[in-house]
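The values are calculated or read from the model by the stated rules, or taken from the named source; none is laboratory data. The model shown is predicted, which means the values in this text are computed figures rather than measured ones. When we count neighbours, we look across all protein chains shown, and the Cβ atoms used for this are built from the backbone with ideal geometry, even at glycine. Accessible surface is based on the protein model in full, side chains and every heavy atom, while ligands, DNA and RNA are left aside. Shrake-Rupley method; radii C 1.70, N 1.55, O 1.52, S 1.80 Å.
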Amino acid sequence: MVNPLSPPIELELKLQVPPGAMRRLSAHRLLKGAARASKCRLHSVYFDTPGLDLRRQGVALRLRREGGRWFQAVKGGGTVLAGLHRRLEDEAEVAGPAPDFSRIGQNELAGAFSSERLRARLRPVFVTHFLRSSRLLEVDPETRVEASIDRGVIRSGKRNERVFELELELKGGAPRHLYEIARKLANDLPLSLENRSKAERGYALYRGKDPKPVKAHPAALTPVLSVGESFKAVIRANLAQLQANERGMAAGGDPEYLHQMRVALRRLRSAFSVFEPVVPEAAVAPVVAELKWLASRLGPARDWDVFVTETLPPIEKEFGTHGELKAFSEHCRKLRDDAGARARRVVRSARYRRLMLSLGAWLAAEGWLSGLEPDQRAALDAPVGAFAGNVLEKRYDQVRKRGRKVGGLSAKQLHRLRIAVKKFRYAADFFAGLYEGAPVREALKRLSRLQDMLGAINDAAMVANLVAHGFDGTGDQHLPEAKGILLGWSHNRAATLRRELKSAWKPFRAVGRFWR
């Protein structure tokens, strides 16, 4: 049931447009075939306290001038996924460019302004100026989409950022139509999803700080959710992490952006595996195949990042940075740079842009539901608790099985144990919100330590592969001695970690089954 006090929900898909493609976008047959475009200049002022109290509440207050009239909008309570912005919006005409709190409806957004002290401290924090060209697209008798091309600037103090984007706002119909339009446009134009609203970009300018890499955030699962709803929530959470890091990764710089993209990809692929018993394999196979492609393209860059930033430094500290080892290290850094450049080209590629659009469209259309048998539908509609417990039990048993006599496992067996631990860790992360906090936190803490140690052992074992592939056929004269140093160090490192493995295995074994 819709809450009568809730403001309307604004649903729009934002797409970033390269400046050189703006004219081609305006002339595209899909937009030219619509009704005549309306054009207007929009000037908006965003208000907040100096400490950004509204921002911390997830609320934005905007005053916008359209022609000679002023409109006040309060937005909040929203989500962003694959460029699709879903927000509550309370809008009303006001007398001028100052906030009018009496014009905010009695709804869930109004509580953000209940403090008189907060209202008194509100100030302009940034402004936007842009030219908007809008058309109404009649997709079918029930579906209408407003396509708005925005060209302008966001300013906060002396800092500014240019805006070149397309907004597709749903006026009636299903959200999947937004993606269908976007995909048709993207077939001819280099469009990419834009997960940042103008407000988010304005706040970033106001703070004057570069964004930081985004780590995984658990999906907000509760026992009342169905298995199907939980599946969507988990996929959305991990896709959000992937897309939140793509801009920083494509720009280069902090290697943590790439690392977090790789984490998000592993979590996404693991999520499909977790829900495999109830989600038809055929329905997810194309998506999984594309995610596998992306992971394979980003993997080498991450491997070289780890090698150069984590493996090489202690070796250089022990053996020095002169002579053959120095030349070897410099060549490794060049290989790392080359691998990073290739990975960045992938994230900027048309195939990557199409993949992100396809994922958003796939989620919006819920195509995995079509053609289900009654028993499959019932499994998806069932409460998630029993399903989660079964998954965790099976994955925990697999870890216990793989970890028997952990001190004597071969390299191949340790690899299998690492994969089993990783699968169990991700499943535990996904479903953690369903269980009591303290036992889950302790289990995840011990599981994380075990996974980190197994990962370190694997990194040490990967050294030989990196050296073999990185220097194969190069004829590098510095390789023999450097290779000997490197392989000797990595062998000793792996042996030391193997001896310490029991110290991580025993605490893990002592943790109870928190899902029971």
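Summary table
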| item | result |
| --- | --- |
| The range 410-423 residues that are within 15 Å of Val263 (Cα to Cα) and open to solvent by 80 Å² or more (accessible area, probe 1.4 Å), paired with ones that are part of a helix (DSSP H, G or I) and not polar (S, T, N, Q) (beta carbon under 9 Å, 6 or more apart) | Lys423/Val274; Lys423/Arg395; Lys423/Val399 |
| Those residues of the range 181-208 which are in contact (Cβ under 8 Å) with a residue 60 or more places away in the chain, surrounded by fewer than 17 Cβ atoms within 10 Å (Cβ to Cβ) and under 21 Å from Thr143 (Cβ atoms), in sequence order | Arg183, Lys184 |
| Filter result for Glu481 (modelled with pLDDT of 80 or more and charged (D, E, K, R)) | no |
| Subset of the range 32-49 [modelled with pLDDT of 95 or more and open to solvent by 30 Å² or more (accessible area, probe 1.4 Å)] | His43 |
| Positions within the range 363-378 being touching a Pro at 6+ places or on another chain (Cβ under 8 Å) and open to solvent by less than 40 Å² (accessible area, probe 1.4 Å), in sequence order | Ala364, Trp368, Leu372 |
| Residues that are open to solvent by 50 Å² or more (accessible area, probe 1.4 Å) and under 19 Å from Leu450 (Cα atoms), drawn from the range 480-495 | Arg493 |
| Selected residue (criterion: most open to solvent (accessible area, probe 1.4 Å)) from residues of the range 219-273 that are under 9 Å from the mean Cα position of the chain (by Cα), among the small types (Gly, Ala, Ser) and over 26 Å from Ala382 (Cα atoms) | Ala244 |
| Single residue of Arg55, Arg29, Arg23 found to be within 17 Å of Arg87 (Cβ to Cβ) and open to solvent by 20 Å² or more (accessible area, probe 1.4 Å) | Arg55 |
| Counted residues, the range 145-179 - those being at pLDDT 90 or above, surrounded by fewer than 19 Cβ atoms within 10 Å (Cβ to Cβ), touching a helix residue (DSSP H, G or I) at 6+ places or on another chain (Cβ under 9 Å) and farther than 22 Å from Phe126 by Cα | 1 |
| Any pair with Cβ under 9 angstrom, 6 or more apart, that starts in the range 54-74 at a residue that is basic (Lys, Arg) and ends at one that is part of a strand (DSSP E or B) and loosely packed, with under 14 Cβ neighbours inside 10 Å | Arg65/Arg41; Arg69/Glu93 |
| Filter pass, Leu63 being under 29 Å from the mean Cα position of the chain (by Cα) and closer than 29 Å to Asn195 by Cβ | no |
| Where a residue in the range 300-316 is without any contact (Cβ under 8 Å) to a residue 24 or more places away in the chain and its partner, wherever it lies, is part of a helix (DSSP H, G or I) and among the polar types (S, T, N, Q), with Cβ under 8 Å and at least six apart | Leu312/Ser329; Glu316/Ser329 |
